[in-house]
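The numbers here are math on the coordinates, done by the rules we state, and not lab data. Just so it is clear, the structure is predicted and the values come from calculations on it, not from any experiment. Virtual Cβ from ideal backbone geometry, glycine too; neighbours counted across all protein chains shown.
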Amino acid sequence: MPQAHVILITHTPERLRRTFLALACQTTPPESITLACDGDDDAIARAAQDACDECGVEITVVDRAHAGVSRSAQARNNAVRALLEHDPITDALLIFLDADCVPEPELARKHLELGGPGRVVIAHRYELSEAQTNGFREDALREGAWPADPTPEQGAALAHRDKRLRRQARLRRWGLAKAHKPKLLSANFSVALCDYLRVNGFDETYEGWGQEDDDLGRRLYQAGVRPVIAVDAIAAFHQHHPTRAPDAWEAGPNADRLGVSAPTRCAHGVENPIAQDEVRIRTLVPAASNAATA
């Protein structure tokens, strides 16, 4: 079984703690946790250090100055570049999560069981209400249980999405699906490192909110990678907060690009990144570990 390497993306220090707590409580602990920051707010690193100390997990923080526009594609690639710089791994599964999405205790194990070379595992998340977020059960996480109870409506919504994406996956086998369907959601998916590098990762020319994950899915499919639908099988819990997303997917600044054919391997990705300020890589270890080695 390959090693699981979790990559989180954030631009804010808020809502990090519970996600790190959940990663510390995984039944199959990931080999590494990397926090990719689309900016260089030191409050993010401080929040990560606090979580590191509390949860006893090592965290690598990768950041650089904000470019004046959202560059989440580049931030995720920065994390992968840092991972490769630290350890030239070959047999690895990259698990991507948004840092405000709390993974269920079995998330890493399930991604490892379903994922691997030639497969992209497409999962999803429960959209917690404000009341569900406020009533979040951290003790349940520590006991290996879910921290929130989805409503019947939330469960039905995920089941409906799972069914729709499975249908799209069947259509893809027959050559009848849209180029980017089944839709990959960057908040909860996994892909083998070898496949990620084969398409050169996220396309860094995608700036602003959205569609960089649709583009990655499209290029993975072009490369022959098969979608594995796990929307109803691998849970994450999205903590409630105001969103930057437009009301409609089609209103995203990059939506029209998906109708234009593009090469499987993007020009500006893990290799040949778009120009950016110096990238910082900091490995945070729990305070108890520091004291033990002093």
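A few comments on the model shown:
- Spin-label model distance (nm) - ALA140 vs TRP174, 7 Å beyond Cα toward Cβ: 4.0
- Residue with peak Gaussian network fluctuation, the chain [Cα springs, cutoff 10 Å], from ARG119, ARG164, ARG71: ARG164
- For ILE59, ILE281, ILE122, order by how many other beta-carbon atoms lie within 10 Å, fewest first: ILE281, ILE59, ILE122
- Note on the chain: with a GNM built from Cα contacts shorter than 10 Å, the maximum mean-square fluctuation among HIS160, HIS11, HIS180 falls on HIS160.
- Options PRO263, ALA99, GLN49, ranked by Cα towards positive dipole end of the chain, top entry (Cβ charges): PRO263
- Listed from fewest to most Cβ neighbours within 10 Å, the set LYS183, LYS178, LYS110 follows the order LYS178, LYS183, LYS110.
- Within a straight-line Cα-Cα reach of under 13 Å, LYS163 can be paired with the following aspartates and glutamates, leaving aside sequence neighbours fewer than 8 residues apart in one chain: ASP232.
- In the elastic network of the chain, a GNM with C-alpha springs shorter than 10 Å, the most mobile of GLU113, GLU127, GLU207 is GLU113.
- Dividing the helix sum by the residues of the chain, where each DSSP H run of 4 or more adds -39500 (n - 2.57), gives a mean residue ellipticity at 222 nm of -10000 deg cm²/dmol.
- Three-way shape call for the range 111-243 based on the alpha-carbon gyration tensor, with the a/c threshold at 1.5: prolate
- Partners for LYS183 among aspartates and glutamates (Cα-Cα distance below 12 Å; same-chain residues under 8 apart left out): ASP162, GLU212, ASP213, ASP214, ASP215
- Judged by the mean number of other Cβ atoms found within 10 Å, the most tightly packed of the peptides 16-22, 271-277 leads the ranking 16-22, 271-277.
- DSSP beta bridges confined to the chain are antiparallel in about 45 percent of cases.
- Take 260-269, 208-217, 24-33 and order them by the average number of nearby Cβ atoms within 10 Å per residue, most first; the result is 208-217, 24-33, 260-269.
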